[in-house]
Every structure is written in C-alpha cells, then in structure tokens.
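The values are calculated or read from the model by the stated rules, or taken from the named source; none is laboratory data. Note that this is a predicted model, so its numbers are computed, not measured. Backbone-built Cβ (ideal geometry, glycine too); neighbour counts: all protein chains shown.
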Amino acid sequence: MSTREYAEQIVDSLLILPEEKIREVFDFVTFLKERLPRQGITLEQAGLTREQAVNLRARLKTFEDDWNAPGMEAYDKLYF
C-alpha cells in the first residue's frame, strides 16, 4: 500500500472518532514527527554556491536574536 493510501485510510478512520481521540492521534503523530531526524538539503539542491551561502548566512545573522528568542521554537514545529 502506498503512503497516500495509508494516509487516506487514516483520515477515513479519524472521521468516525470522537474529538478527544482525534487530539490523542494528533499528539502521537506530533511525537513521532519530532523524533525524525531533520533532513537538510545540499547547497546544490538549494541552487546556491558556497560563496552565496556564506553571504546569505552573514545577511541573515541579524535575525539570530529574534530566531533564538524564548517561544520561537513553536515556529520550528510548524515547518520542520
């Protein structure tokens, strides 16, 4: 069975569950997702040369304090 087929079966099954059980499933899926290794992409896949990546990193450094502020880790969970 493909990933899409599994996902469709899971969604179909979720639709008959009470809301509190759906929250439990969501919590479990979040738990599993957080334990996956983060997978980055290569510079080549991003379409960047090493020089461009160094330049981009230097320009983004100004945002570092904001990114590392308390509570900002919540945004990591939205996208990773």
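For region 39-54, the condition holds for no residue, the condition being that it is in contact (Cβ under 8 Å) with a residue 24 or more places away in the chain and outside the structural domain of residue 10 (by TED's automatic domain parsing).
Figure legend. Inter-residue proximity from region 1-28: first residues in contact (Cβ under 8 Å) with a residue 24 or more places away in the chain, second residues charged (D, E, K, R) and surrounded by 11 or more Cβ atoms within 10 Å (Cβ to Cβ), beta-carbon distance below 6 Å, spacing 6+ or different chains. No pairs are indicated. Please determine whether any residue of region 33-42 is hydrophobic (A, V, I, L, M, F, W, C) and closer than 22 Å to residue 76 by Cβ. Yes, there is a match, as at least one residue in region 33-42 is hydrophobic (A, V, I, L, M, F, W, C) and closer than 22 Å to residue 76 by Cβ.
Quick check, is residue 4 assigned to a loop (DSSP other than H, G, I, E, B) and either at negative phi or out of contact with any strand residue (DSSP E or B) (no Cβ under 6 Å at 6 or more places or on another chain) (or both)? Judged against the criteria, residue 4 is not a match. Each residue in region 34-80 was checked for being in a loop (DSSP other than H, G, I, E, B) and among the polar types (S, T, N, Q), and 4 pass. Quick one: would you say residue 31 is in a helix (DSSP H, G or I), surrounded by 11 or more Cβ atoms within 10 Å (Cβ to Cβ) and either touching a residue at least 12 places away in the same chain (Cβ under 8 Å) or outside the structural domain of residue 75 (by TED's automatic domain parsing) (or both)? For residue 31, the condition - in a helix (DSSP H, G or I), surrounded by 11 or more Cβ atoms within 10 Å (Cβ to Cβ) and either touching a residue at least 12 places away in the same chain (Cβ under 8 Å) or outside the structural domain of residue 75 (by TED's automatic domain parsing) (or both) - is not met.
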